[in-house]
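The structure under discussion appears below in the form of C-alpha cells.
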Amino acid sequence: LDVAADIKTVYKFLEAREALEILADEDIGTAIMAVSSSEGGVQRSRAELEADSSNKQKAIRSISERYANDKISKEEIEYCLFSMGDFHAYLETNRRPVDEMIALLQANFDPNKSEQHYSLEICSGMRGSKLSHTHSTQYTFVLQSLQLWRHVTQEMFRLWILAEK
C-alpha cells in the first residue's frame, strides 16, 4: 500500500485544465489577499476589515464566474483562489511579525553604537550569559537571525514541496 502522493499545486491544477490565465487576472491580488486586523502595527477598524472582506469575496466570485467553463468549474476556481489565499494568510500571520521585529530593531537601535540603558551587549556571567558580545556584534546576530527566520517562513511551502520529493 503506497500512501504517498505527489503534491497538487494550484499551478499544475490550473495548467491541466488550461486555465492558467486566471493567475494573470487583474483581480487576483484582491481575491487572494489576507484580510488583516492590523497594518504596520496599527489596528484597523471593523469597517475597513468588512470592506476588505467584501471586496475579496466579490473578486473571488467575479473571477470564478468569468473563467468557469467545461474544463474547470466555478467551485474548482474558488478552491484554487482559497488555496492561494491560505498562502497569503500564512505569510500574514508568520512572516509579518518578523518583518515588524526587524523594523523595530532597525528603528530603535543604531548598529554601531549603543545608548545608555539600551545596549544589546551581552556580558559573560551576567544573568546567566555564557557569551560576551559587543552591542554591534549582538545587533548583527539579532538582525541576521530575524532575516533568516523571515526567509524560512517565506519559503516554507517550497521547503515542504522539496521535502516531499
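The values are calculated or read from the model by the stated rules, or taken from the named source; none is laboratory data. Computed from a prediction, not measured in an experiment: that's the story for all the values here. Heads up, the Cβs are rebuilt from the backbone with ideal geometry, glycines too, and the neighbour counts pull from every protein chain shown. Areas reflect the complete protein model, heavy atoms only, side chains present, ligands, DNA and RNA absent. Shrake-Rupley method; radii C 1.70, N 1.55, O 1.52, S 1.80 Å.
Average projected area of the Cα convex hull of the range 99-165, in nm²?
Numbers: hull surface 24.4 nm².
Here the figure is 6.1 nm², rounded to one decimal.
Quick check on the chain: what are the equivalent-ellipsoid semi-axes from the Cα gyration tensor, as sqrt(5λ), descending, whole Å?
Semi-axes from the Cα gyration tensor: 43, 22, 11 Å.
Let's test the formula: R0 of 35 Å, r as the Cβ-Cβ distance of residue 4 and residue 94. What FRET efficiency results, to the nearest 0.05? Could the numbers behind the result be given before it?
Details: r = 26 Å, r/R0 = 0.75.
That gives a FRET efficiency of 0.85.
Given the -39500 (n - 2.57) contribution per DSSP H run of 4+ residues, what per-residue ellipticity at 222 nm results for the chain, rounded to the nearest 500 deg cm²/dmol? Show your work: numbers first, answer last.
On the way: 7 runs with 97 residues, N = 165.
For the chain, the value works out to -19000 deg cm²/dmol.
Which residue fluctuates most in the GNM of the chain (Cα springs below 10 Å): 90, 118, 11?
For the chain, modelled as a Gaussian network with Cα springs under 10 Å, the answer is 118.
Gaussian network model of the chain, Cα springs within a sub-10 Å range: biggest mean-square fluctuation belongs to which of 42, 152, 98?
Among 42, 152, 98, the largest GNM mean-square fluctuation belongs to 42.
Between the helical axis of 74-94 and the dominant principal axis of the chain, each derived from Cα atoms, what acute angle in degrees is found, rounded to the nearest 10?
In the chain, helix 74-94 runs at an angle near 0 degrees to the longest axis.
Report relative contact order for the chain in percent, whole number only (criteria: Cα-Cα under 8 Å, sequence separation at least 6).
Values: 133 pairs, mean separation 33.3, N = 165.
Averaging sequence separation for qualifying contacts and normalising by length gives 20 percent for the chain.
Summarise the accessible area of the chain (1.4 Å probe, protein heavy atoms) by the percent that is carbon and sulfur. Provide the component values of the computation, followed by the final result.
Working: 6270 of 11720 Å².
C and S atoms contribute 54 percent here.
Hey, what's the chain come to in accessible area per residue, 1.4 Å probe, Å²?
Details: 11720 Å² over 165 residues.
Accessible area per residue, the chain: 71 Å².
What percent does the relative contact order of the range 1-79 come to when contacts are Cα pairs within less than 8 Å and at least six residues apart? Working shown, then result.
Working: 49 pairs, mean separation 22.1, N = 79.
The normalised contact order for the range 1-79 reaches 28 percent.
Let's see if you can work this out: charge +1 on each Lys and Arg Cβ, -1 on each Asp and Glu Cβ, no other charges. What is the dipole magnitude of the chain about its Cα centre, in debye to the nearest 20? Walk me through the numbers on the way to the answer.
Numbers: 19 positive and 26 negative charges, 120 e Å.
That gives the chain a dipole magnitude of about 580 debye.
Between residue 126 and residue 48, what is the FRET efficiency for a Förster distance of 35 Å, r being their Cβ-Cβ separation, to the nearest 0.05? Please list the in-between numbers first.
Details: r = 45 Å, r/R0 = 1.30.
With a Förster radius of 35 Å, E is 0.15.
How many nm is it between the label spots at residue 151 and residue 136, if each spot is 7 Å from the Cα in line with the beta carbon?
2.3 nm
Go through 74/165; 8/71; 8/58; 8/74; 12/74; 12/165 and tell me which ones have a Cα-Cα distance over 22 Å in this structure.
Values: 74/165 31 Å; 8/71 17 Å; 8/58 26 Å; 8/74 18 Å; 12/74 17 Å; 12/165 16 Å.
In this structure, 74/165; 8/58 exceed 22 Å between Cα atoms.
Can you return the lysines within cross-link range of residue 113? Criterion is Cα-Cα under 30 Å, with same-chain partners fewer than 8 residues away left out.
Cα-Cα hits under 30 Å: 130.
Which residue, 124, 132, 114, has the most motion in a Gaussian network model of the chain that connects Cα atoms within less than 10 Å?
For the chain, modelled as a Gaussian network with Cα springs under 10 Å, the answer is 124.
Please sort by residue number the trypsin sites (Lys or Arg not before Pro) in the range 1-57 whose DSSP state is loop and whose Cβ has at most 10 other Cβ atoms within 10 Å.
Numbers: sites: 8, 12, 17, 44, 46, 56; in loops: 8, 17, 44.
Of the trypsin sites (Lys or Arg not before Pro), the ones in loops of the range 1-57 whose Cβ has at most 10 other Cβ atoms within 10 Å are 8.
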